[in-house]
Amino acid sequence: MTTPVKSRSSGTRLGDFLLVLLPLLPFLSGEIWIRWLGILALSLTGLALFIAFLRPLRASPTKGIQYSLIALLVVGIFSTTTLQLQAINQVVQIGLVVIAVRVVPVLPYTKKYARLTRLGCMFLSIFALVDLIGGFFVLGANANLYGIFGFCWGALILTLYSSAGRGGVFRAGAAVAFPLLLIIFSGSRASLLAAGAAVLWFSINRYIKARGVKTFLSMALISIPLVILVGINLDVFESFREILPTTGEKTTFSSRDVIWKNIFFEVVSNDYVGFGLGSSPANIQEAANEGLSAHNGFMQVFYQFGAIGLLFYLSAFFLLLKAMRQRPDRGVSAAILVGGITLEMFEVVMIQNHFGSGLFIFLLTLLNSSDAQLLQKK
């Protein structure tokens, strides 16, 4: 990845600072009182990213990803007819991701703060698990939110253990048990699929070394949102619905397919042009789905940015996945990104509704965990 021009110690301090803030970012979607922790973490994270952005950096191999996201933003701006608060929020959100892609890969962190963050994630996972099982719902009223929390904290624990040495992944097994239980008890099928996809990708990276095969699998993964978009009205899609797993009262797509069809017809009738920054498909839903988001980040981008914007968004993920595959971290960064992409297919996470968790996944993916092995314990 890129190399900072200034002393490594300043970058390390920023890396440590971002690392300890990470576990709090998902709280941005929590209940009112806990949301303030998420807002504070987001504000401090934005400040740290801005400071890092001001430091001179050499040419970055992540430029293609930045350009794709900037192009997405430009498409959204040209599609926007009225300037609303949500539109401004979205500009800030995408802007933060662009800056993160630019600066975070050069920020290492120390083992001391890695251990501290691991313990923090384990404590938060235990607290959330008790909160969920006890029916208190202190952190959030939606059980699915606990599944997203579990995925984020579990991914962070695995990343930090993987940077501790060859045996770190095995030691992570016990530590990640609580986040995994949180995902299971939440009943969030999206989070379960995301965790499963991350584990599967990690296993593929371990046993399949051919670069061409990995590139093909990356393209296949990124193509899934397009397959859903094109196949939403086909009979084969209806047949696929019947084989989806159920969790409690949740069956098939839980009306997601109905929401996706409405979005598809609205955008098609608008000549495949989106409705702009800050627009919400909640306004076009009816009956029980009235007021609901797309429950698919790619579909929501399609509604807001149109077909061209969706292609830019998908290309950003493909280029980021390609960059993460080249890291010497045994495929951990790429696996977490794959989990995030999977989660985005069933929730709106990466740049919108659950932005705290989305920014968490971007930052965790981008932080150079392999550099942590090179730093002395402090």
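Each Lys and Arg contributes +1 and each Asp and Glu -1, all at the Cβ; summed about the Cα centre of region 272-350, the dipole is approximately 520 debye. Annotation for region 290-353: trypsin sites (Lys or Arg not before Pro) lying in DSSP loop with at most 11 further Cβ atoms inside 10 Å of their Cβ do not exist. Heavy atoms of the protein chains alone define the surface here; on that basis region 61-219 has 46 Å² accessible area per residue at 1.4 Å probe size. Distance between the modelled labels on K261 and F53, one decimal in nanometres: 4.3 nm (7 Å Cα→Cβ projection). When you restrict to C-alpha pairs under 8 Å that are six or more residues apart and normalise by the size of region 25-95, the relative contact order lands at 17 percent. The alpha carbons of region 13-118 give a radius of gyration and a Dmax of 15.6, 49 Å, in that order. Percent of Cα-Cα pairs more than 19 Å apart in region 95-206, please. That fraction is 51 percent. Taking every alpha-carbon pair within region 188-234, the share separated by more than 12 Å comes to 71 percent. Taking 7 Å along the Cα-to-C-beta vector as the label spot, tell me the N142-I284 distance in nanometres, rounded to one decimal. For the pair N142/I284, the computed spacing is 2.0 nm.
The values are calculated or read from the model by the stated rules, or taken from the named source; none is laboratory data. Worth saying up front: this structure is predicted, and the values here are computed from it rather than measured. Because the Cβ atoms are built from the backbone with ideal geometry, glycine has one as well, and the counts that use them run over all protein chains shown. Keep in mind that these areas ignore ligands, DNA and RNA; they rest on the heavy atoms of the full protein, side chains included. Shrake-Rupley method; radii C 1.70, N 1.55, O 1.52, S 1.80 Å.
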